[in-house]
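Structure first, then comments.
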Amino acid sequence: MKNIIQNYSETIFESIKHLDEFGNEYWLARELQRVLGYTQWRSINDLIEKAKFACQESNYNINDHFAEQRKMIKLAKGAIRKVLDYKLSRYACYLIVQNGDSRKEVIALGQTYFAIQTRRQELLDELSEDDKRIMIREKIKKGNLGLNKSAINSGVKNLAEFHNAGYKGLYNGETANDIFKRKGLKYREDILDNMGSIELANNLFRIVQTDDKLKRDNIDNEYTANSVHYEIGKKVRNAIKDMGGTMPEELPTPNKSIKEIEKDNKIT
C-alpha cells in the first residue's frame, strides 16, 4: 500500500515537472495550484508567501527558488489578461506543501514527494563528476529510445539525419560525425560517452523537449520533424548564450569515456 501511494504521488507531481536548458527541474505555481486542488490563486499565493518567508529565514536567495513570471491567459469571454506565476525550484515546492493543510490527501502526498526529491537532490549534489556523467548518460539512453519512437511515429525514416538535425541546431551546424572528429575519438567510440556532465545535460534537454514537441504538435512528416529537432537544438544553444554559458563545442572533452569509467569501477 505504501508503494502504491508513493507511486501515485510521484505520478501526479512528475506530470507537471519541467526541465530547463541545463536539465534542472522546476514547477510552475499555477500548475501546482491545480494539482493541489486550489481553485483560486490567492489560496496558493498565501502558501507561496509563507514559503518565501521560510526560504529567506533559512538564508537562501528567494529569487533562486521563486522566479516571478508574467503570462497571458484567456478569460471566459475571450478576453486576455496578464497574471503572475512563479517558476519554482524543488525546494520552493517543498516549502509550499509544508505550509499546506496535511489533512488534505494531496497535500500530504506532496509533502512526502518533495521531501524525497529534495533529499535525492542533496545526494546528487554530493556525486562526483564521473557519477553525474554516468547518471545523465543513462537518462539520455532512455530519452533517445522515446525520441526515436516519437520520430518514427512522426514519419521519420532516416533516424541518423533526424538526430543530426538536433546536433546541428545545438552545435552551430556540426553533425554527429563533426563532433566525433573534433573530439579526436577513435573508431566505434560514442560521442555522448565522451561528454562532461554539462554537455550531457544540454543534450538531455534537447532530447526531452524535442520528444515533447513532436507529440504535442502531432508532427506527421519527416521534414517537419527534422526542422523541429533543429529548432529545439538552436533554442537550447541560444538560451545557453543568453545566460552567458559555455557553448557545447567549447566544453572540454573528459580524459576518460564513460565506458572506461564503468570498466574501472568494475575492476575496483
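Some values worked out for this structure:
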quantity: Segment 99-213, relative contact order [Cα under 8 Å, separation at least 6], %; calculated: 33 percent
quantity: Accessible surface, the chain, averaged per residue in Å² (probe 1.4 Å); calculated: 58 Å²
quantity: Kirkwood Rh, Cα atoms: Rg over Rh of the chain; calculated: 1.00
quantity: Set of aspartates and glutamates with alpha-carbon distance to Lys168 below 14 Å, sequence-local pairs under 8 removed; calculated: Asp178, Glu231, Glu249
quantity: Environment charge of Asn177, counting only residues whose C-beta is closer than 15 Å and scoring Lys/Arg +1, Asp/Glu -1; calculated: 0
quantity: Dipole of the chain, positive direction: furthest Cα of Ile80, Gln40, Tyr113, with charges on the beta-carbon; calculated: Ile80
quantity: Lys149 - accessible surface, heavy atoms, 1.4 Å probe, Å² rounded to 10; calculated: 140 Å²
quantity: Equivalent ellipsoid dimensions for segment 150-240 as semi-axes, Å, which come from the Cα gyration tensor, largest first; calculated: 23, 15, 11
quantity: Charge-dipole axis of the chain as Lys and Arg at +1 and Asp and Glu at -1 on Cβ define it, positive-most pick from Gly143, Leu127, Ser197; calculated: Gly143
quantity: Segments 82-95, 180-193, 216-229 sorted - mean Cβ within 10 Å per residue, highest first; calculated: 82-95, 216-229, 180-193
quantity: Point-to-point label distance, Glu262-Ile73, nm (Cα→Cβ direction, 7 Å offset); calculated: 4.5 nm
quantity: Accessible surface of the chain [probe 1.4 Å, protein heavy atoms]: carbon and sulfur percent; calculated: 49 percent
quantity: Given charges at beta-carbon only (K, R positive; D, E negative), |dipole| of the chain in Debye; calculated: 780 debye
quantity: Solution diffusion estimate, µm²/s, Stokes-Einstein, segment 93-223, Kirkwood Rh from C-alpha pairs, 37 °C, viscosity 0.692 mPa s; calculated: 189 µm²/s
quantity: Two-site FRET efficiency, Ala108 against Glu138, from Cβ-Cβ distance with R₀ of 41 Å, rounded to 0.05; calculated: 0.85
quantity: Dimensionless Rg over Rh [segment 115-191; C-alpha; Kirkwood]; calculated: 1.08
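The values are calculated or read from the model by the stated rules, or taken from the named source; none is laboratory data. Predicted model only: the values in this text are computed from it and were never measured. All Cβ positions, glycine included, derive from the backbone under ideal geometry; neighbour counts span all protein chains shown. Surface areas here come from the heavy atoms of the whole protein model, side chains and all, with no ligands, DNA or RNA. Shrake-Rupley method; radii C 1.70, N 1.55, O 1.52, S 1.80 Å.
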